[in-house]
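First the structure, in the form of structure tokens, and then the observations on it.
We did not get these values from a lab; they are worked out from the coordinates using the rules stated. Keep in mind that this is a model prediction, so the values were computed, not measured. Because the Cβ atoms are built from the backbone with ideal geometry, glycine has one as well, and the counts that use them run over all protein chains shown.
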Amino acid sequence: MSQLNYDAILAFGLFADRLNFTHAAEELHISQPALHMKIQELSRSLGKPLYRKNGRQLELTEAGKLVAKFARELSNQTGSFLEQMNTGEKQQHITIASGEGTYLYLLGDGIREYKKTGAKLKLLTFNREGVIEAVESGRADIGVSSLEYVPDGMTAKLLCRAHQVLVMPKAHPLTKKRTLSLGDLAGQPLIVPPPDRPHRQMLTAHFQSKGIGLEVAVEASGWELMNHFCKLGLGLAIINSTCTVPSGLVTKPLKELPGIQYHVFHLTSTRNRSVELLKRILLNSCATR
């Protein structure tokens, strides 16, 4: 193997985050052919393909994921070194990956508390699969998401438990019932995520198990948008109990639906005091939930 070209590795790291030659080249202020050549030469020097086409999309190979992880570590170390040279102080840079709703309703207090330590935070927003991939690839130091199982090679701690609730206007007839079952939702227009999302798939499976049709009024991604459409009177929404609903809406639990467990997790190989401190702060901030 020839000597590594660190400039090409850093360029590949940026490409790996975008998986788009045009966007990555623009950020690097080089031409697209020049970036393509850098990555091709890096691939040849390593003796492995770093990306491939999957239909119309690009995806990293296993070797590409390793190079991307190394590139991110190299970029972070370079940034810390330059900052220490310029300021005389070594700053810790930690990246969190989580979902929009988790940032909105679970992590605010912990993030504010951690910022008091003077460390620098970068926040990435993904769905659950994206959060796991970001931690696996080294793009994020720590992830926070609902998990059905702990992925191989990761260490996870339970952050909090939530349950499923029905959101509806205060004047809706179902608010008068002391308890709700899925049967009460037969024929009710519902605001649900798109078909490929785990929450939609869970709802479909449970409704089918009760012999109830899922009456889809609107498809929407994210708790905030689902609540907004509910307030507009477009239908009822089923969300998790960590969410705060707007005025004019109320919630009632749906005990027939499974609970949700949010975890904070990172690679088991991670040995970083700042990651451990952030994890401890996040766990403490959610301990009273």
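Among LYS176/LYS210; LYS122/LYS279; LYS170/LYS231; LYS157/LYS252; LYS120/LYS279; LYS116/LYS279, which pairs are too far apart, with a Cα-Cα distance over 18 Å? Correct reply: LYS176/LYS210; LYS157/LYS252. May I ask what percent, to the nearest 5, of DSSP beta bridges between residues of segment 164-258 are antiparallel? Among the beta bridges of segment 164-258, antiparallel pairing accounts for roughly 65 percent. The relative contact order of segment 41-200 comes to 17 percent, based on Cα pairs under 8 Å that sit 6 or more residues apart. Given their separation in residues at 0.36 nm each and the Cα-Cα distance between them, THR117 and LEU158 gain 12.4 nm when the chain is fully extended. Within the shell of other residues whose beta carbon sits under 14 angstrom from the beta carbon of ASN5, the net charge comes to 0, with Lys and Arg scored +1 and Asp and Glu -1.
Calculate, for LYS177 and GLN32, the FRET efficiency according to 1/(1 + (r/R0)^6) with r their C-beta to C-beta distance and R0 51 Å; round to the nearest 0.05. So the FRET efficiency works out to roughly 0.30.
Counting only lysines at least 8 places from LYS38 when in the same chain, those with an alpha carbon closer than 23 Å to its own are LYS48, LYS53, LYS65, LYS69.
Pairwise Cα distances in segment 6-66 exceed 16 Å for 37 percent of all pairs. Here the contact order of the chain, divided by its residue count and restricted to Cα pairs under 8 Å and six or more residues apart, works out to 21 percent. Dipole magnitude for the chain: about 740 debye, using +1 per Lys or Arg Cβ and -1 per Asp or Glu Cβ, origin at the Cα centre. Computed from the alpha carbon positions, the gyration tensor of the chain leads to an equivalent ellipsoid with semi-axes of 42, 23, 16 Å, biggest first. Structural descriptor for segment 83-176: relative contact order 30 percent, calculated from alpha carbon pairs under 8 angstrom and at least 6 residues apart.
How big is the antiparallel share of DSSP beta bridges in the chain, given as a percent to the nearest 5? If I count the DSSP bridges inside the chain, around 65 percent turn out antiparallel.
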